[in-house]
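A.B. asks: A single structure is presented below for examination.
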Amino acid sequence: MAKLSVVVLAGTEAHSDLARVLNALELVKEAKEAGDEVELVFDGAGVTWIPELASEEHKLHGVFTAVKDKISGACEFCVNAFDVKEEVRDAGIAFLSEYEGHPSLRRRIAQGYSLVTF
């Protein structure tokens, strides 16, 4: 059984970013279906995806909904820096501030998670 922490860092600016977030969501979905221990973390510019994906009109909304129970949260510092805190809160996503306002990737590694970044 794998132990994965999938981290979305890609912003929403480029078409290639859409592919990156899709690959992250698909990895989480596949791991979830396989019974792996998996979490999804939004960090950096990746926090800007949450309002997009939470919209029922977005083409990736279905896969986002399918893995929502595996979302650990979004970087609290970054939701403020990218001005999406209210939208992330409205989407029901927790804020992560384990190390100086950010998710602790080091803690995840120490706990045996393999980090996969997109």
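A.B. asks: Please enumerate the residues belonging to the stretch 38-59 that are hydroxyl-bearing (Ser, Thr, Tyr) and in contact (Cβ under 8 Å) with a residue 12 or more places away in the chain. I'd like the intermediate steps shown before the answer.
C.D. replies: If we filter the stretch 38-59 for residues that are hydroxyl-bearing (Ser, Thr, Tyr), which is where we start, we get 48, 55.
Listed by number, the list holds a single entry, Thr48.
A.B. asks: To continue, here is another question. State yes or no: is Leu22 hydrophobic (A, V, I, L, M, F, W, C) and touching a residue at least 60 places away in the same chain (Cβ under 8 Å)? Outline the logic, then answer.
C.D. replies: Values: hydrophobic (A, V, I, L, M, F, W, C): yes; touching a residue at least 60 places away in the same chain (Cβ under 8 Å): no.
Spelling it out, it is not the case that Leu22 is hydrophobic (A, V, I, L, M, F, W, C) and touching a residue at least 60 places away in the same chain (Cβ under 8 Å).
A.B. asks: Would you pick out the residues in the stretch 1-25 that are under 11 Å from the mean Cα position of the chain (by Cα), β-branched (Val, Ile, Thr) and not in a helix (DSSP H, G or I)?
C.D. replies: Val6, Val7, Val8
A.B. asks: Counting just the residues of the stretch 60-72 that are among the β-branched types (Val, Ile, Thr) and in contact (Cβ under 8 Å) with a residue 12 or more places away in the chain, which one comes out nearest to Glu100 (Cα to Cα)?
C.D. replies: Taking the stretch 60-72 as the starting set, the residues that turn out to be among the β-branched types (Val, Ile, Thr) are 63, 65, 67, 71.
Cutting the leftovers down to in contact (Cβ under 8 Å) with a residue 12 or more places away in the chain gives us 63, 67, 71.
Numbers: Val63: 31, Val67: 27, Ile71: 20 Å.
Looking at residues that are among the β-branched types (Val, Ile, Thr) and in contact (Cβ under 8 Å) with a residue 12 or more places away in the chain, I get Ile71.
A.B. asks: Which one is farthest from the chain's Cα centre (by Cα) among residues in the stretch 72-118 that are of a type outside the set (A, V, I, L, M, F, W, C), part of a loop (DSSP other than H, G, I, E, B) and more than 17 Å from Leu40 (Cα to Cα)?
C.D. replies: Filtering first and then ranking leaves Glu100.
A.B. asks: Now for a different question. Kindly indicate the residue of the stretch 19-37 that is in contact with an Asp or Glu (Cβ under 9 Å, 6 or more places away or on another chain) and hydrophobic (A, V, I, L, M, F, W, C) and also farthest from Arg108 (Cα to Cα) among those meeting that condition.
C.D. replies: In the first step, residues of the stretch 19-37 are kept if they are in contact with an Asp or Glu (Cβ under 9 Å, 6 or more places away or on another chain); the result is 21, 28, 30-32, 36.
Next cut, hydrophobic (A, V, I, L, M, F, W, C) only: 21, 28, 31.
Numbers: Val21: 20, Val28: 16, Ala31: 17 Å.
Filtering the stretch 19-37 for residues that are in contact with an Asp or Glu (Cβ under 9 Å, 6 or more places away or on another chain) and hydrophobic (A, V, I, L, M, F, W, C), the one farthest from Arg108 (Cα to Cα) comes out as Val21.
A.B. asks: So, in the stretch 35-56, how many residues would count as being under 10 Å from the mean Cα position of the chain (by Cα) and assigned to a strand (DSSP E or B)?
C.D. replies: 4
A.B. asks: Checking Lys59 against (1) under 20 Å from Ala31 (Cα atoms); (2) not in a helix (DSSP H, G or I), which single condition isn't satisfied?
C.D. replies: (1)
Values in this text are rule-based calculations from the coordinates and carry no lab data. What you are looking at is a predicted structure, and each value in this text was computed from that prediction instead of being measured. Here the Cβ is made from the backbone with ideal geometry for all residues, glycine too, and neighbour counts use every protein chain on show.
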